[in-house]
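Handing you this structure, nothing more for now.
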Amino acid sequence: MTRADTHAARAARTARAARTHDDAAHGQDGQGPAVPVTADGLPDWLDPVVHAMRTVAPEQLSRFLPPESGVGRQSAVLILFGEGERGPELLLMERASTLRSHAGQTAFPGGALDPEDGDPATTGPLRAALREAEEETGLDPAGVQLFGVLPRLYIPVSEFVVTPVLGWWHTPTPVGAVDLAETARVFAVPVADLTDPANRVMATHPSGINSPAFTVASALVWGFTAGVIDRILHFSGWERPWDRSKEVPLDRRS
């Protein structure tokens, strides 16, 4: 592929993402009510995230992109920004250690799309992200403003095609593990802790794969979730220099 072809492909993907975002904002899937998506009224500190969302290409987020064949289970996660006592923060959850998939891992609220969520190409991921967040953490979706989506990504080990949905938690409500069989705990992590170089490490899998990770809130955040957070921090200009030689080994069962 020539450089011109590469630029053309990237432009096409960006255009498709923009159309999907517009369709989602206006509920043009013919299934269920419109799901509002707007960046109006967000706090100023979220401006870099909004800019990154509108300009980042899929391959800049991950080397694992949805297969062209279309295989994979459609899913969505809610990347929810709030503002706590220590400033901007992200809502995360720890999955129960008894689950068959991604047991014990720290993750964004989210899960697979249900048929009632609607079209996976438009508003389906938006509805799924809010529905799953409510089911898993007990948050009130009425207090969340969705302001966009990131390009779809792929998790090879579970064959999930994941749409990251971005939200602003303008009216926080109490949250916690709704079903302990699925969720061990729900917690918010200050962005300041995520950008602190002391909390940045490389997670090393026995297979030899290294990936960015975070040691925050008595948890090791790694894998898909850490990868997305790492890219958001980078493209938002929030990343601080950190020591990538500091490694934390993962269990072979991870």
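The values are calculated or read from the model by the stated rules, or taken from the named source; none is laboratory data. Since the structure is predicted, the reported quantities are computational estimates derived from the model, not experimental observations. Neighbour counts are summed over all protein chains in view; Cβ atoms, including those assigned to glycine, are modelled from backbone coordinates with ideal geometry. Calculation scope for accessible area: heavy atoms of the full protein, side chains included, ligands and nucleic acids excluded. Shrake-Rupley method; radii C 1.70, N 1.55, O 1.52, S 1.80 Å.
Through the Karplus equation 6.51 cos²θ - 1.76 cosθ + 1.60, θ set to phi - 60°, convert the phi angles of segment 207-215 into ³J(HN,Hα) values in whole Hz; use x for Gly and Pro.
Working through the residues one at a time gives 6, x, 7, 10, 8, x, 8, 9, 10 Hz.
Mind listing the Cα extents of segment 196-242 along all three principal axes, in Å, largest one first?
For segment 196-242, the Cα extents along the three principal axes come out at 31, 22, 17 Å.
So who's got an amide H within less than 5 Å of the one on Val35, skipping anything under 5 residues away but keeping other chains? H placed 1.01 Å off N, in plane.
For Val35, the qualifying residues are Gly27.
How big is the convex hull of the Cα atoms of segment 97-201, per residue, in Å³?
It is 138 Å³ per residue.
Right, something else. Please report, in debye to the nearest 20, how large the charge dipole of segment 210-254 is about its Cα centre when each Lys and Arg carries +1 at its beta carbon and each Asp and Glu carries -1 there.
80 debye
Between Thr55 and Ala181, with labels modelled 7 Å along Cα→Cβ, what's the label distance in nm to one decimal, could you check?
Output for this residue pair reads 4.7 nm.
Still on this model: When ligands, DNA and RNA are left out and all protein chains stay put, how many square angstrom of accessible area per residue does segment 82-193 have with a 1.4 Å probe?
Solvent-accessible surface per residue comes out at 40 Å².
A further question on this structure: How large is the translational diffusion coefficient of segment 156-254 in µm² per second when you combine the Kirkwood radius over alpha carbon pairs with Stokes-Einstein at 37 °C and 0.692 mPa s?
It diffuses with D of about 215 µm²/s by this estimate.
Further question: Using the eigenvalues of the Cα gyration tensor, what equivalent ellipsoid semi-axes result for segment 67-118 when each is taken as the square root of five times the eigenvalue, whole Å, largest first?
Largest first, segment 67-118 gives 26, 17, 10 Å.
Sorted from largest down, give the three principal axis spans of the alpha carbons of segment 118-160, whole angstrom values.
The principal-axis extents, from largest down, are 32, 21, 18 Å.
Direction-averaged shadow area of the convex hull around the Cα atoms of segment 151-197, nm²?
Orientation-averaged projected area of the Cα hull: 5.7 nm².
Any idea what Rg and Dmax come out to for segment 35-89 if you just take the C-alpha atoms, in Å?
Over segment 35-89's Cα set, Rg and Dmax evaluate to 15.0, 46 Å.
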